[in-house]
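The values are calculated or read from the model by the stated rules, or taken from the named source; none is laboratory data. The model shown is predicted, which means the values in this text are computed figures rather than measured ones. A quick note on method: Cβ atoms are made from the backbone with ideal geometry, for glycine too, and the neighbour counts reach across all protein chains shown. Quick note on the areas: whole protein, heavy atoms, side chains included, nothing else; ligands and nucleic acids left out. Shrake-Rupley method; radii C 1.70, N 1.55, O 1.52, S 1.80 Å.
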Amino acid sequence: MLIAALGVISSSLKVLAATVGLVTLSDGSMCSGALLDPETLVTAAHCVFDRGGERLGVASIRLRQIGGESGVASAGAIRVPFEFDPQRNRQSTIVERWDVAFINIWPTSTLPPISIAAPADLLAGQSVLQAGFSLDAAGELRLKVHKCMLLKITHRRGVEDPDFGSLVHDCPAQHGESGSPLIVVVRGRQYLAGLVTARQFGEGRAVDMSVFQLVVPQ
């Protein structure tokens, strides 16, 4: 049985070992993220800007393996796509596909990273896990994992389509959910499907990381 702080996930998903990050910004706000490799954490780009569009610093990073160990790290360079407009992103979901920030961390982490899912491995109606930090009823900060579903996947190449490069999901909204990884299990391995970025008309929106990887090579 996974530790209680992980919330509602079934025993069949015990194999998951991805590492989730809690990013605390210099203004006191927080977001979640996912460890892509030993020195890179990925989160939502809008998390690292204030409401005026100014870049924020990262005060601290806490890492937590799902069902496993914890760690801490400091933030180095932060890379955000040139196309991301923090002012426009506050008003519209049209730039969700660029809402990604890569944070270099040090020291390098020994916790398990997660690979990005391939487009062919994402299907509407597929179960996903949303893993992110949020406050519980007692006000304690915990890593929670929710099982939910992908409702729509947009892999079309029409860059003027506002939904291009986004995922629609029914995962619950929670404080600190921005940048939360959506995880799919394919052939017994976990992959990063997307990052939670916004809600629109009651539905969750996420960056489709498989498309982002194709559009903006890292």
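Largest accessible area first, the residues K144, K152 order themselves as K152, K144 under a 1.4 Å probe with ligands, DNA and RNA left out. What distance in nm separates the two pseudo spin-label positions at L123 and K147, each 7 Å out from Cα along the beta-carbon direction? Inter-label distance under the simple model: 1.7 nm.
Working ranking of peptides 97-109, 61-73 by packing, defined as the average number of other Cβ atoms within 10 Å per residue, highest first, is 97-109, 61-73.
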